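The values are calculated or read from the model by the stated rules, or taken from the named source; none is laboratory data. Just so it is clear, the structure is predicted and the values come from calculations on it, not from any experiment. Virtual Cβ from ideal backbone geometry, glycine too; neighbours counted across all protein chains shown. When the accessible area is computed, the model is the full protein with side chains, heavy atoms only, and any ligands, DNA or RNA have been set aside. Shrake-Rupley method; radii C 1.70, N 1.55, O 1.52, S 1.80 Å.
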Number of protein chains: 2
Amino acid sequence: MAMNAKQCACRWVLQHQHKLKQAARSCHLKVKEVLGIDEYRNYEYDNEYTFKYSELTTTLAEPKQLRAKPDVSELKFGQIFTDHMFKVFYHKALGGWQKPEIIPFENISLHPAAKVLHYAVELFEGLKAYRGVDGKIRMFRPDLNMQRMNLSAIGSGLPTFDGSELIKCMNRLIQIDQEWVPHSEASSLYIRPTLIGVDGTLGVAQSESALLFTILCPVGAYFDDKNDSVALFADPSYTRAWPGGCGDRKMGSNYGPTIRVQRKALRKGCQQVLWLYGEDHQVTEVGTMNIFIFYVNERGERILATPPLNGLILPGVVRQSILQMAHEWGEFQIQQRTITMNEVIRLQEENRLLEMFGSGTACVVSPISSIEYLGRILPIPTMEHSKPLYNRIREQLYAIQYGHFEHPWAVPIDSVY
Amino acid sequence: MAMNAKQCACRWVLQHQHKLKQAARSCHLKVKEVLGIDEYRNYEYDNEYTFKYSELTTTLAEPKQLRAKPDVSELKFGQIFTDHMFKVFYHKALGGWQKPEIIPFENISLHPAAKVLHYAVELFEGLKAYRGVDGKIRMFRPDLNMQRMNLSAIGSGLPTFDGSELIKCMNRLIQIDQEWVPHSEASSLYIRPTLIGVDGTLGVAQSESALLFTILCPVGAYFDDKNDSVALFADPSYTRAWPGGCGDRKMGSNYGPTIRVQRKALRKGCQQVLWLYGEDHQVTEVGTMNIFIFYVNERGERILATPPLNGLILPGVVRQSILQMAHEWGEFQIQQRTITMNEVIRLQEENRLLEMFGSGTACVVSPISSIEYLGRILPIPTMEHSKPLYNRIREQLYAIQYGHFEHPWAVPIDSVY
């Protein structure tokens, strides 16, 4: 029996070019079989590590289930969904990840004690697919989203997986619903992978069952008026993230508590919250975006700065892309460092503040026009330049995303099988 | 039309003895009707404020749907649920709270974009019903849970309601499933009211639809071995709550991020996490419990202390009850104040530390035997006294809960209609 297991594992490694640790897991699995653990019997290999695109099954929607596609000019963020969705279950008692499926878009049925409904055992990602000027559909840097999603899973006690397998499944989903990718450069297809703990037991503990699903929605601009800059509300009595917490993971728990503060901002006539941290009122994030400041230092040098990844900051894909692009341009200094409100005020008073903007997948780049802070409104001159940096960044990212030229960050959905 | 509305409102106030503001809302509603807002047409009065027990409908489970009741000795926490559940929807577009229902226990069907699944728009409560020595079933201080639930709803941007209406609905649910209330003084019926945001739209924003549901489970001890004290793991690199956050609300977002730390504690051979805060390593909570310290000060006086409700601490019902009981006893000092790890260590070293224990609905009172902190294990002498305070508190609370004598904190479920 030991020989059989070894032979099986070796042949399997050769055939599938998997890593050796997979073989080790497979041997371990055979041991489990010998010991009579029934739930492992039906599995050819250990599926603790990941689900597999090669096992994906697809059930297409019936013609009567297909929905009408909206007019591109009417698209709002996250209101309309496509005809299909992706899902795959994880059940520890059944050996781990199950077979992935693409099915017609449908409601999710959950036990009322499911951990996601009580203890926020949940995380998500957001990325986009774009219909390029050449007709090809591309995703923007999905590998970075997959890395971050696995880090969020670890933070939530949920199972990790091989991100390249989910990318392949998402590609297939987008191919099936490809007519939902807007034929417009102002629009795109927002992709929302989500991982939730579905154990139907009360008690704050690791969820031994999970559901990973992905839904798609055609989207226009994230903010209602996309030509407008945003006014921010900064109140140091609210804190988004803190050392020793999970503010650098895309876990649901980072978002629910922000809604009451966002409502307060709206009542104040502002569009977004500027999240401060600490007694020195460090600038950390804006709404659900990273934040950048572009200014002139005392020696007359231009500097682009953003807060460092110190545990309080979500490691944004657009954030990282902006830093890399600016580095390639080599035209000004780039700093990842703490920025305080006092510094922003001083720069503004000394006319050395050029621009402030948020960055994120939903909005790409969002210019900031003012900050309400401690009872006064600080005007930010982002919109007062003829060739602002924020717009140059936005246009460069758009050009990559919509395939104006080939770029490794824009990955055609049919290129990764 | 204006006259009719007024007459209607007045008759309604007299008949139902509701507050005048309800009547004002009702008039307002009639104005909406005149203006032709269709969704208000079917409602006799404005249901923005609360749902009503008087509108409760009940669908009993078929005999074949009834589940076998478990043996009391095998009960674990939160594994088995009763035959029925309570639910009521809130839809802003339909005027607010809908009609409440008791139905057979069933899965919840959610849109895949439901805000609870992505942004942790969710909160819960935990309380218990006890079968007393006189056969009567009592809930323990449900009014306090209702107050806290409404505060959590405000923190989550979810709708509030009249807590006395939910208590009446829960009473009815428990009456229907009364045979599930264990006939044992070691056990009880755990009640889990939950409020989730169910809007099927992406975007971090207030949920305009919500579902309030309540499920019941017969429970034994919260910890596997109820005679055992707990060993704690205290690591200052993890923070549960922080100023400007929502750590004092029973929102799901406070729990998901704790699971990874709880797992670390288990790997260290500890049962629970002792949550520290700040550079002086303040003792804040233990697992999902409040914490108490009982010690002798330098003048030889006995003091019971617990951290203050400064925004970092969940305002526990058992915590408040312990403080009130100790105040009535008048035998030692009671303090709500900051407690640091340095103080705990000094008290232990000077043999002035008597006891430490956690308090919460699930466990009632849980004695602490050790704390692993900065690489050393600090023994806590809670179990080394012949008549420990924690046990006196526990027995007093049990006596109230199981109706050994009449007490206003233990409310019979048939007394509040």
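Among the residues of the range A:140-154, are any within 14 Å of another protein chain (Cβ to nearest Cβ), over 15 Å from the mean Cα position of the chain (by Cα) and over 21 Å from residue A:209 (Cα atoms)?
First, the residues of the range A:140-154 that are within 14 Å of another protein chain (Cβ to nearest Cβ): A:149-154.
Subsequent filtering for residues that are over 15 Å from the mean Cα position of the chain (by Cα) retains A:154.
Narrowing further to those that are over 21 Å from residue A:209 (Cα atoms): none.
There is no residue in the range A:140-154 that is within 14 Å of another protein chain (Cβ to nearest Cβ), over 15 Å from the mean Cα position of the chain (by Cα) and over 21 Å from residue A:209 (Cα atoms).
Could you give every pair whose Cβ atoms fall below 7 Å, whose first residue belongs to the range B:311-335 and is of a type in the set (Phe, Trp, Tyr), and whose second residue is exposed (fewer than 15 other Cβ atoms within 10 Å of the Cβ), counting only separations of at least 6 or pairs across chains?
B:332/B:302
Results for (1) among the hydrophobic types (A, V, I, L, M, F, W, C); (2) on the phi < 0 side of the Ramachandran plot; (3) assigned to a loop (DSSP other than H, G, I, E, B), shown as yes or no for each residue.
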residue	(1), (2), (3)
A:161	yes, yes, yes
A:164	no, yes, no
A:169	yes, yes, no
A:172	no, yes, no
A:175	no, yes, no
A:193	no, yes, no
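Please verify whether residue A:182 is assigned to a loop (DSSP other than H, G, I, E, B), within 18 Å of residue B:117 (Cβ to Cβ) and more than 10 Å from chain B (Cβ to nearest Cβ), treating the condition exactly as stated. Break it down into steps so the answer makes sense when it comes.
Numbers: assigned to a loop (DSSP other than H, G, I, E, B): yes; within 18 Å of residue B:117 (Cβ to Cβ): no; more than 10 Å from chain B (Cβ to nearest Cβ): yes.
When the stated conditions are applied, residue A:182 does not pass them.
Report the residue count in the range A:201-219 for those that are more than 8 Å from chain B (Cβ to nearest Cβ) and either within 15 Å of the chain's Cα centre (by Cα) or open to solvent by 10 Å² or more (accessible area, probe 1.4 Å) (or both).
The total comes to 5.
Within the range B:337-380, work out how many residues are surrounded by 15 or more Cβ atoms within 10 Å (Cβ to Cβ) and not β-branched (Val, Ile, Thr).
The number of residues fulfilling the criteria is 22.
Select from the range B:66-77 the residues that are more than 7 Å from chain A (Cβ to nearest Cβ) and assigned to a loop (DSSP other than H, G, I, E, B) and write down the one among them that is farthest from residue B:186 (Cα to Cα). Even if it seems obvious, please write down each step before you answer.
Quick first cut of the range B:66-77, residues more than 7 Å from chain A (Cβ to nearest Cβ) only: B:66-76.
Now restrict to residues that are assigned to a loop (DSSP other than H, G, I, E, B): B:66-71, B:75-76.
On the way: B:66: 24, B:67: 22, B:68: 20, B:69: 16, B:70: 14, B:71: 12, B:75: 10, B:76: 12 Å.
Within the range B:66-77, the match that is farthest from residue B:186 (Cα to Cα) is B:66.
Residues that are out of contact with any Ser or Thr (no Cβ under 9 Å at 6 or more places or on another chain): list the strands (runs of 3 or more DSSP E) wholly contained in the range A:284-351 that include at least 2 such residues. Give the derivation first.
On the way: elements: A:289-296, A:302-306, A:333-336.
Result: A:289-296, A:302-306.
State which residue is farthest from residue A:402 (Cα to Cα) when the search covers only the range A:155-175 and only residues that are among the small types (Gly, Ala, Ser) and within 14 Å of another protein chain (Cβ to nearest Cβ).
Step one: list which residues in the range A:155-175 are among the small types (Gly, Ala, Ser), which gives A:155-157, A:163-164.
Among the residues that remain, those that are also within 14 Å of another protein chain (Cβ to nearest Cβ) are: A:155-157.
On the way: A:155: 34, A:156: 34, A:157: 37 Å.
Selected residue: A:157.
Given B:311, B:300, which one is on the phi > 0 side of the Ramachandran plot and under 24 Å from the mean Cα position of the chain (by Cα)?
Working: B:300 fails: under 24 Å from the mean Cα position of the chain (by Cα).
Just one listed residue meets the conditions, B:311.
Restricted to the range A:78-92, and to residues that are surrounded by fewer than 19 Cβ atoms within 10 Å (Cβ to Cβ) and either away from chain B (no Cβ under 14 Å) or within 23 Å of the chain's Cα centre (by Cα) (or both), which residue is nearest to residue B:204 (Cα to Cα)?
To start, the set of residues in the range A:78-92 that are surrounded by fewer than 19 Cβ atoms within 10 Å (Cβ to Cβ) comprises A:79-80, A:83, A:89, A:91-92.
Now narrow it down to the ones that are either away from chain B (no Cβ under 14 Å) or within 23 Å of the chain's Cα centre (by Cα) (or both): A:79-80, A:83, A:89, A:91.
Values: A:79: 12, A:80: 16, A:83: 23, A:89: 26, A:91: 29 Å.
That would be A:79.
Residue check, residue A:239 against (1) among the β-branched types (Val, Ile, Thr); (2) free of Cβ contacts under 8 Å to residues at least 40 places away in the same chain; (3) not in a loop (DSSP other than H, G, I, E, B), all met but one. Which one?
(3)
Is it the case that the range B:108-131 has a residue that's under 27 Å from residue B:187 (Cβ atoms) and in a loop (DSSP other than H, G, I, E, B)? Can you show your working first?
Here is the first cut: in the range B:108-131, the residues under 27 Å from residue B:187 (Cβ atoms) are B:108, B:123-131.
From what's left, in a loop (DSSP other than H, G, I, E, B): B:125-126.
Yes, because at least one residue in the range B:108-131 is under 27 Å from residue B:187 (Cβ atoms) and in a loop (DSSP other than H, G, I, E, B).
Which of the residues belonging to the range A:103-136 are of a type outside the set (A, V, I, L, M, F, W, C) and within 25 Å of residue A:207 (Cα to Cα)? Even if it seems obvious, please write down each step before you answer.
At the first step, the residues of the range A:103-136 found to be of a type outside the set (A, V, I, L, M, F, W, C) are A:104, A:106-107, A:109, A:111-112, A:115, A:118-119, A:122, A:125-126, A:128, A:130-132, A:134-136.
A:106, A:107, A:109, A:111, A:112, A:115, A:118, A:119, A:122, A:125, A:126 - these are the residues of the range A:103-136 that are of a type outside the set (A, V, I, L, M, F, W, C) and within 25 Å of residue A:207 (Cα to Cα).
What's the number of the condition residue B:198 fails, among (1) under 18 Å from the mean Cα position of the chain (by Cα); (2) more than 9 Å from every other protein chain (Cβ to nearest Cβ)?
If we test residue B:198 against (1) under 18 Å from the mean Cα position of the chain (by Cα); (2) more than 9 Å from every other protein chain (Cβ to nearest Cβ), just (1) comes out false.
Residue under question is residue A:256, and the condition is that it be surrounded by 21 or more Cβ atoms within 10 Å (Cβ to Cβ), touching a strand residue (DSSP E or B) at 6+ places or on another chain (Cβ under 9 Å) and within 13 Å of chain B (Cβ to nearest Cβ); does it hold?
Values: surrounded by 21 or more Cβ atoms within 10 Å (Cβ to Cβ): yes; touching a strand residue (DSSP E or B) at 6+ places or on another chain (Cβ under 9 Å): yes; within 13 Å of chain B (Cβ to nearest Cβ): yes.
It is true that residue A:256 is surrounded by 21 or more Cβ atoms within 10 Å (Cβ to Cβ), touching a strand residue (DSSP E or B) at 6+ places or on another chain (Cβ under 9 Å) and within 13 Å of chain B (Cβ to nearest Cβ).
Restricting to the range B:227-253, name every residue that is at the interface with chain A (Cβ under 8 Å from one of its Cβ atoms) and open to solvent by 50 Å² or more (accessible area, probe 1.4 Å).
The answer is B:237, B:243.
So which residues in the range B:93-128 are at the interface with chain A (Cβ under 7 Å from one of its Cβ atoms) and open to solvent by 10 Å² or more (accessible area, probe 1.4 Å)?
Of all residues in the range B:93-128, those at the interface with chain A (Cβ under 7 Å from one of its Cβ atoms) come to B:107-113, B:116-122, B:124.
If the condition is that a residue be at the interface with chain A (Cβ under 7 Å from one of its Cβ atoms) and open to solvent by 10 Å² or more (accessible area, probe 1.4 Å), then B:107, B:108, B:109, B:111 are the ones that fit.
Taking the residues in the range A:263-283 that are part of a strand (DSSP E or B) and farther than 16 Å from residue A:368 by Cβ as candidates, determine which candidate is farthest from the other protein chains (Cβ to nearest Cβ).
A:282
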